[in-house]
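Novice: Here you go, one structure.
Read-outs: derived from the displayed coordinates by stated rules, not from any lab. Model, not experiment: these values are computed from the prediction. Please note: Cβ atoms are built from the backbone with ideal geometry, for glycine as well, and neighbour counts cover all protein chains shown.
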Amino acid sequence: MPLKNWVHDLDAMSQVEADVAYIVNPHNPTGTAHSRAAIERFVELSRAALVVVDEAYIDFTDDPEQTTVMPLAREGDVVVLRTLSKVYALAGLRVGYMVASREVVATLRKIRPPFSVGALAQAGALAAVKDNTHKQRVRDHVLRLRGEVTRIVQQVGYVAVPSQANFVLVETPDELAFVARLASHGIQVRPGSALGLPGTVRISVPSDSGLALLRRALARVAIAREVWT
């Protein structure tokens with residue numbers, strides 16, 4: 001189903017008969033998020049046999065506890081997917097987990113590949129989830145600089161989609177030129193065309209030094225756009 005105002009169109013999705021309704025919350029690549037109440041309503045109305053909610057970016061929302069639908073997973077109403085690749089920065093270990101009813105778990109155990117997460121990856125994952133200080137530091141950094149990225153983008157005349165993730169989606173009619181000009185300043189971003197949203201660019205929240213580089217590069221991109229137009 002197409003997005004509506006950059007978010008999942010839950011009303012339209014609820015009318016579709018399907019084996020699985022898949023909701024990414026916060027959404028990738030827009031960074032938008034639905035409230036728990038909205039997803040609860042969707043679950044009540046959905047004609048899908050199973051509702052799966054991907055919460056890979058949940059830790060970057062303004063209020064994770066009030067956004068997550070983990071309580072619904074505990075009740076067996078939905079399946080929740082989480083990953084340690086984002087706020088825990090363990091992308092290379094490919095570690096994630098699922099919370100679901102016993103019936104769903106039993107079914108997936110029958111069809112999963114024979115080799116699961118390795119022992120070293122499991123040890124790293126356990127150490128990471130116990131380090132709440134690091135997790136909070138990463139979250140605080142992302143929330144602080146996400147606002148700065150949005151502000152910088154808007155200052156140079158582009159539209160930024162309000163984000164609840166660790167990236168910001170930017171609307172741009174000159175997508176390829178935008179990507180190329182940032183690349184010329186040493187900054188790599190994801191073109192929206194590669195993510196199913198042509199006319200946009202996804203900018204990940206950088207480090208503090210990366211933010212300074214982005215500020216200078218975007219100022220020059222804006223100047224180049226004025227000259228080009």
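Novice: Hey, what did the chain get for relative contact order, percent, Cα under 8 Å, at least 6 apart?
Specialist: Relative contact order of the chain: 16 percent.
Novice: For the chain, set up a Gaussian network in which alpha carbons nearer than 10 Å are linked by springs, and say which option among 180, 56, 33 fluctuates the most.
Specialist: 180
Novice: Let me ask something else. Going by a ≥ b ≥ c, the root eigenvalues of the Cα gyration tensor, does the stretch 10-130 fall in the rounded group (a/c under 1.5), the prolate group (a/b larger than b/c) or the oblate group? Can you show the working numbers first?
Specialist: Numbers: a/c = 2.12, a/b = 1.35, b/c = 1.58.
Oblate shape, in that a/c is at least 1.5 and b/c is the bigger or equal ratio.
Novice: Let me ask something else about it. Using only Cα atoms, locate the centre of the stretch 76-102 and the centre of the stretch 115-157, then give the distance between them in Å, rounded to an integer.
Specialist: Measuring centre to centre over Cα atoms gives 14 Å.
Novice: With Cα extents along the principal axes in Å in mind, check (1) 67, 39, 34; (2) 66, 37, 27; (3) 61, 43, 32 and report the label derived from this structure.
Specialist: Structure-derived value, by its label: (3).
Novice: With both partners inside the chain, how many of the DSSP beta bridges are antiparallel, as a percent to the nearest 5?
Specialist: 65
Novice: Would you list, by chain and number, the lysines whose Cα falls below 17 Å from the Cα of residue 86, excluding same-chain residues fewer than 8 positions away?
Specialist: 130, 135
Novice: For the residues 85, 184, what sequence is obtained by ranking on other C-beta atoms within 10 Å, fewest first?
Specialist: 184, 85
Novice: In nm, to one decimal, how far is the residue 89 label point from the residue 15 one, both placed 7 Å along Cα→Cβ?
Specialist: The modelled label-to-label distance comes out at 4.6 nm.
Novice: Follow-up question, since we're still on this one. Using a 10 angstrom Cβ neighbour count of at most 15 plus a DSSP loop assignment to flag exposed trypsin sites (Lys or Arg not before Pro), which longest range of the chain is free of such sites? Write out the running numbers ahead of the final one.
Specialist: Details: sites that count: 47, 94.
The reported range is 95-229.
Novice: Only Lys, Arg, Asp and Glu count, each charged at its Cβ (+1, +1, -1, -1), so figure out the dipole size of the chain about its Cα centre, rounded to 20 debye.
Specialist: Computed about the Cα centre, the dipole is about 800 debye.
Novice: Looking at the stretch 1-65, which GluC sites (Glu not before Pro) are in a loop (DSSP not H, G, I, E or B) and have at most 13 other Cβ atoms within 10 Å?
Specialist: Working: sites: 17, 40, 44, 55, 65; in loops: 17, 55.
Answer by residue number: 17.
Novice: Fewest to most neighbouring Cβ within 10 Å: what's the order for 88, 22, 97?
Specialist: With the fewest neighbours first, 88, 22, 97 line up as 97, 22, 88.
Novice: Let me ask something else. Points 7 angstrom from Cα along the Cβ direction at residue 180 and residue 135: gap in nanometres?
Specialist: Each label point is offset 7 Å from its Cα along the Cβ direction, giving 4.4 nm.
Novice: In deg cm²/dmol and to the nearest 500, what is the mean residue ellipticity at 222 nm of the chain if only DSSP H runs of at least 4 residues count, each as -39500 (n - 2.57), divided by the residue total?
Specialist: Value at 222 nm, helices only, nearest 500: -13000 deg cm²/dmol.
Novice: Figure the gain on full extension for residue 122 and residue 1 (residue separation times 0.36 nm, minus the Cα-Cα span) and round it to one decimal in nm.
Specialist: Contour length minus Cα-Cα distance gives 40.0 nm.
Novice: Then there is this: Could you put 75, 148 in order, starting from the residue whose Cβ has the fewest other Cβ atoms within 10 Å?
Specialist: 75, 148
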